[in-house]
Amino acid sequence: MKYLNTETVCAMTGVLPTTLKNWKRAGLITRAEDLKRGYSWSQYIRINHILVLTSRGDTLREIYNLIYAPRRYHHSGWSYRQEELLMLLSFADDVALDKYLRRMMRDYSSEDCVNYLLKPLNVLLHEEHSPGSALRKASFHRAVMQQALRDIQAIGRQKAAPLFLEAVSVNDETEIWLEAIRLTGLGFRVEVSPQPAAMPAVATRRYEHHFMWCGAGISKTMKRYFQQRLAEGEPIMLCGPDKSEHA
C-alpha cells in the first residue's frame, strides 16, 4: 500500500500541518500507523471528507458528532462563526479576539476561513455605521494583521515558494492582510507591501512570484510597469477584485 507523508497530504489538500494536528487531537482522523510510512489512502480520504465538512463552517465538535454520534449532530455554519466574531469585537478584548482567530486558523483551512468568515465580515464592518463600528473595525484590522504576521513568521521556517504581495490600490487597509493570510495558507512565504504608492514597491528579499493587488483599480503608471515586467518574462500578475485602469 502506498503511503503519503505530511508534506504531500498538505500540498494535495491545501491543509496546513497544524490544522492536520488539530484534527487528530479532535479525534477526526486517526494518527498515521507508522510515522515513517505516513498516511494511508483511507486516511487521505478521511482528511478530504473533513475538509469538505469544515468548508461548511461546522465546528470540530459538530463534525465529531456527525461521524461518531449522528443523532447528536447539529449544523451551525459560517453565519454562526460570524456572529461569534462580531460578539467578540463588540464585547471582548484583543487577547480574546486573538485567541479566537488562532483557533479558527487551526480548525479550518486558511482559504475557507478567509473566504467564508473574514472577508464577508470585513465587508460588513466597513458598511455599518452604528455606534462602536469604528472601534470594531479597528480591532478587526489589528487582529487580522497580527494573524497574517504570525502566519508569515511561521511559514518562514519552512520550505516555501517566496512571493511578493504589493498593494497597488485597496478598498480598505485590511484586505491586503486577508490576502496574505490566504496565500500563506496555500504554502507561499509572503512578503507584504501594504501601502499603495505612486511608484512600484521594492521587495527586500528574492521572490519567485510577484502579485500586484488591485482592490480599487490600477493607475496608468502601475499598469505600464506591470506590462513592461510581463514582457520581460518576469513572474508577475495582477490580482484582486478590480484590475480596471483608473486615471
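A few notes on this one:
- Extension gain, HIS129 to ARG37, is 27.6 nm, computed as 0.36 nm per intervening residue step minus the present C-alpha separation.
- Surface accessible to a 1.4 Å probe, per residue, for the residues of the chain, Å²: 54 Å²
- Compared with the direct C-alpha span, the chain from HIS49 to GLN228 gains 60.0 nm at full extension, assuming 0.36 nm per residue.
- Across the range 202-211, rounded Karplus estimates of 3J(HN,Hα) from the backbone phi angles (6.51 cos²θ - 1.76 cosθ + 1.60, θ = phi - 60°) give 10, 6, 8, 10, 5, 9, 9, 9, 10, 9 Hz, Gly and Pro being marked x.
- The C-alpha atoms of the chain define a longest principal axis, and helix 41-54 lies at about 60 degrees to it.
- Estimated FRET transfer efficiency when R0 is 22 angstrom, pair GLU7-ALA203 (beta carbons, to 0.05): 0.25
- Length gained on full extension, ASN65 to ALA92, computed as 0.36 nm times the residue gap minus the Cα-Cα distance: 6.8 nm.
- Computed over the range 39-170, Kirkwood Rh from alpha-carbon pairs, angstrom: 16.7 Å
- Whether the chain is rounded, prolate or oblate, judged on the alpha carbon gyration tensor where a/c under 1.5 counts as rounded: oblate
- DSSP finds beta bridges in the chain, and of those with both partners inside it, around 10 percent are antiparallel.
- For the chain, the number of Lys pairs with C-alpha atoms closer than 22 Å, counting only pairs eight or more positions apart or on separate chains, is 15.
- Karplus-derived HN-Hα couplings along the range 15-28 (A = 6.51, B = -1.76, C = 1.60, θ = phi - 60°), whole Hz, x at Gly and Pro: 9, 6, x, 5, 5, 4, 4, 5, 5, 5, 4, 7, x, 7
- With every protein chain in place, the chain: carbon and sulfur % of accessible area (1.4 Å): 55 percent
The values are calculated or read from the model by the stated rules, or taken from the named source; none is laboratory data. This is a predicted model, so every value here is computed, not measured. Heads up, the Cβs are rebuilt from the backbone with ideal geometry, glycines too, and the neighbour counts pull from every protein chain shown. Keep in mind that these areas ignore ligands, DNA and RNA; they rest on the heavy atoms of the full protein, side chains included. Shrake-Rupley method; radii C 1.70, N 1.55, O 1.52, S 1.80 Å.
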